[in-house]
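Asks: Structure in structure tokens, see below.
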Amino acid sequence: MIRVPVHEPSQVSEARRTAAERAEQHGFGATDAGRVALATTELATNLIKHGGGGDILVGGFEEPDGAGIQVLALDKGRGIADLAACRVDGYSTAGTNGHGLGAVFRQAHTVELVSWPALGTGLMARFEPGTPPKANKPSGAAIGVVTVPKEGECVCGDGWSVDETGAARTVMVVDGLGHGPDAATAATEAVRVFQRHKGHQVPTLLDYIHGGLRGTRGAAVSVGRIDIAAGKVEFGGIGNVAGAVVTPAAIRRMVSLPGTAGHVARKIQTFDYAAEDGVVVMHSDGLATSWSLDRYPGLLRAHPTLIAAVLFRDFWRQRDDVTVLVAATAGGAAAGSAP
């Protein structure tokens, strides 16, 4: 994803230009790219007016029920008291005409929003080619990912991938050692090996990835297999890609063993965890491990991408690349991978 900090009016145009260029790269025509640009302008402007500034994240998405561009607007402002009212043109808390979010809902195919008093707001707008439906398009996505390079880098040294076969959902997050192009090369290779050997048992997958990274600088990597029918997660890792199972009742951190895939992995072992109705969260060490969802009522029921985005917003260390992957432990649809 491309991150555009927005703290002053001059950065609004940068956010608009970034979103429009990314839409064109994804094959959007002029009219559809214009919709993306218009909505992004409104979102970036609202960050300044209502949120005291924040971040715009722009990236592609691909799922079985649609593909296109997604724009995330994240702030740590005072929050929105009435989420239902803010969808209607004319609503404003800042003395303006209040058309911003209404315009976003009209231009996007899917919009989801979370907000809490004094904790800020997160909004996800998704755009596909063609005229948006009159009603918000629901998403049955089971996977959400936010991945952002270290500030100053043009490539991300993290990667992720997903394989969904039958009742099993297998997810991987990899963190190339360090950051920059060499770390990205290691992450890309890990994704390639994962996709080539998908379907194997989790320890075997980790072993293949470990062997495949011998010619690179190495990486931390974790793999989780969610058995939806059995209600469990099998998780294993080499190095400090962290994982946790989060349910309405509790959070349980999962175990990844020390080492560096491609160099040193003295023991490859997996562990089983009960997976009730909730999510699995996996992330690189660009995210602080002190995170919790307890302070965000209702977030567990939000789109997985919004869960990942809120964790990124509040717990990114900033001195490293960061990837946050959120996977539902129940039904839904998953697709994709990205270095």
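Asks: Taking the residues in segment 41-58 that are free of Cβ contacts under 8 Å to residues at least 60 places away in the same chain and under 20 Å from the mean Cα position of the chain (by Cα) as candidates, determine which candidate is nearest to Asp75 (Cα to Cα).
Replies: Across segment 41-58, the extreme among qualifying residues is Leu47.
Asks: Is at least one residue of segment 241-253 more than 21 Å from the chain's Cα centre (by Cα) and under 21 Å from Thr147 (Cα atoms)?
Replies: no
Asks: Okay, moving on. Please list, ordered by first then second residue, the pairs with beta carbon atoms under 6 Å, 6 or more apart or interchain, first in segment 246-268 and more than 10 Å from Ala220 (Cα to Cα), second open to solvent by 40 Å² or more (accessible area, probe 1.4 Å) and not charged (D, E, K, R).
Replies: Between residues of segment 246-268 that are more than 10 Å from Ala220 (Cα to Cα) and residues that are open to solvent by 40 Å² or more (accessible area, probe 1.4 Å) and not charged (D, E, K, R), the close pairs are Val255/Phe271; Ile268/Pro203.
Asks: Does segment 155-171 hold any residues that are open to solvent by less than 10 Å² (accessible area, probe 1.4 Å) and touching a residue at least 60 places away in the same chain (Cβ under 8 Å), and which are they?
Replies: Gly157, Asp158, Gly159, Ser161, Arg169, Val171
Asks: Next question. Anything in segment 225-260 that is buried (at least 16 other Cβ atoms within 10 Å of the Cβ) and either touching a Cys at 6+ places or on another chain (Cβ under 9 Å) or of a type in the set (A, V, I, L, M, F, W, C) (or both)? List them, or say none.
Replies: Ile226, Ile228, Val233, Phe235, Ile238, Val241, Ala242, Ala244, Val245, Val246, Met254, Leu257
Asks: Could you grab me the full set of residues in segment 271-283 that are open to solvent by 30 Å² or more (accessible area, probe 1.4 Å) and at pLDDT 95 or above?
Replies: Phe271, Asp272
Asks: Where residues in segment 127-154 are within 17 Å of Arg317 (Cα to Cα) and assigned to a loop (DSSP other than H, G, I, E, B), which of them is least open to solvent (accessible area, probe 1.4 Å)?
Replies: Pro149
Asks: Among the residues of segment 192-210, how many are closer than 18 Å to Ala265 by Cβ and either free of Cβ contacts under 8 Å to residues at least 40 places away in the same chain or among the hydrophobic types (A, V, I, L, M, F, W, C) (or both)?
Replies: Residues meeting the conditions: 11.
The values are calculated or read from the model by the stated rules, or taken from the named source; none is laboratory data. Just so you know, these numbers come straight off a predicted model, no measurement behind them. For neighbour counting, all protein chains shown are included, and Cβ atoms are generated from backbone atoms with ideal geometry for every residue, glycine included. Side chains included, ligands, DNA and RNA excluded: accessible areas come from the protein's heavy atoms. Shrake-Rupley method; radii C 1.70, N 1.55, O 1.52, S 1.80 Å.
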